[in-house]
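The values are calculated or read from the model by the stated rules, or taken from the named source; none is laboratory data. Everything numeric here is computed off the predicted structure, so don't read it as measured data. Please note: Cβ atoms are built from the backbone with ideal geometry, for glycine as well, and neighbour counts cover all protein chains shown. Just the protein is used for accessible areas: all its heavy atoms, side chains included, with ligands, DNA and RNA removed. Shrake-Rupley method; radii C 1.70, N 1.55, O 1.52, S 1.80 Å.
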Amino acid sequence: MATLLKTSTEIQKGKNKKSKDNATAGPSEGYKPRKDKTLMLCSRGVTQRMRHLMRDLEVLLPHTKKDSKLDTKSSLHLINELADLHSCSNTLYFEARRHEDLYLWISRTPNGPSIKCHVQNIHTMDELKMTGNCLKGSRGLVTFDGAWDSDESTKLMKEVLTHTFSVPKTSRRLKPFIDHILLFSLLDNKIWFRNYQIIEKDPLTPSGPPIPSLVEIGPRFVLTPIRIFEGSFGGPTLYSNPEFVSPAATRASIKREAGQKYRVRKEGETDREERKKRLREELPEDTLSRKKVFA
């Protein structure tokens, strides 16, 4: 992972050096701007809430391109070819399992790295009904809190999220306004996503001095990083979350506990029947029993 970060910093330094050389050479040899595009697609079996989350992210990110649902869940390397056909360098792939679990792949195609996350606590814009609002197609400021610079794995995730969610200036559907903030917070080994509107003036005192404030727009969701792969949708594992427990294993443990209660109850009934039978056999025969009276 350290070699990847070192290589990215060397490439960035080389680009900055080229831009300085181009600036000194003349306006005809200017620096080529960033033209990142993000491919967004999902698998079969997504629910209504998952589909609405994808629609909200598509509205927030004007540099995304949508594709039809992917039929296979084993051959994820085909997504690299789809991204190449759409001229996209980033990919957001929503993978649904059992119609209730949602996983998100964030990848730099075609060479990687890629991050696999579990999506929880999904709240869409229509569900929240917040008072905030922003212009459709405007650029959002991608911000991170201070906890992202504590580890190499978090630094790598920060770089991938920056390239995926930051809208370049060359996007065709872009409007030249910056009126909202995309916030990624790192807490309890989870990534918390929030979207806020930037308000320059207080609505109660419109004629007063400008007082910047933030109002939440939506959507909301929480990402739990599972693994970081060196390649795009595969390859050697750079980071693995040891605390992650799959939701299927959690549901299985709950069912196992419920089954344990049922087994304990049935075992108690069996022991009670055996105890009653043993007591009947151990007691002496009554003198007024039918066998002795009518003998």
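Annotations for the structure displayed:
- Condition met for residue 156 (open to solvent by less than 70 Å² (accessible area, probe 1.4 Å), assigned by the TED database to the domain that holds residue 108 and more than 20 Å from residue 191 (Cα to Cα)): no
- Screening the stretch 180-224 for residues that are in contact with a helix residue (DSSP H, G or I) (Cβ under 8 Å, 6 or more places away or on another chain) and of a type in the set (Val, Ile, Thr) and picking the one that is nearest to residue 101 (Cα to Cα) gives 191.
- Filter result for residue 136 (more than 18 Å from residue 189 (Cα to Cα), open to solvent by 10 Å² or more (accessible area, probe 1.4 Å) and without any contact (Cβ under 8 Å) to a residue 12 or more places away in the chain): no
- Failed criterion for residue 37 (all others in (1) in contact with a Pro (Cβ under 8 Å, 6 or more places away or on another chain); (2) open to solvent by less than 80 Å² (accessible area, probe 1.4 Å); (3) at pLDDT 90 or above hold): (1)
- Condition met for residue 214 (under 18 Å from the mean Cα position of the chain (by Cα), farther than 29 Å from residue 79 by Cβ, modelled with pLDDT of 85 or more and assigned by the TED database to the domain that holds residue 129): no
- Set side by side, the residues 144, 165, 94 differ, and just one is under 21 Å from residue 184 (Cα atoms) and touching a Cys at 6+ places or on another chain (Cβ under 7 Å), which is 94.
- Scanning the stretch 60-72 for residues that are in contact (Cβ under 8 Å) with a residue 12 or more places away in the chain, touching a Phe, Trp or Tyr at 6+ places or on another chain (Cβ under 8 Å), under 17 Å from residue 162 (Cβ atoms) and buried (at least 16 other Cβ atoms within 10 Å of the Cβ) turns up at least one hit.
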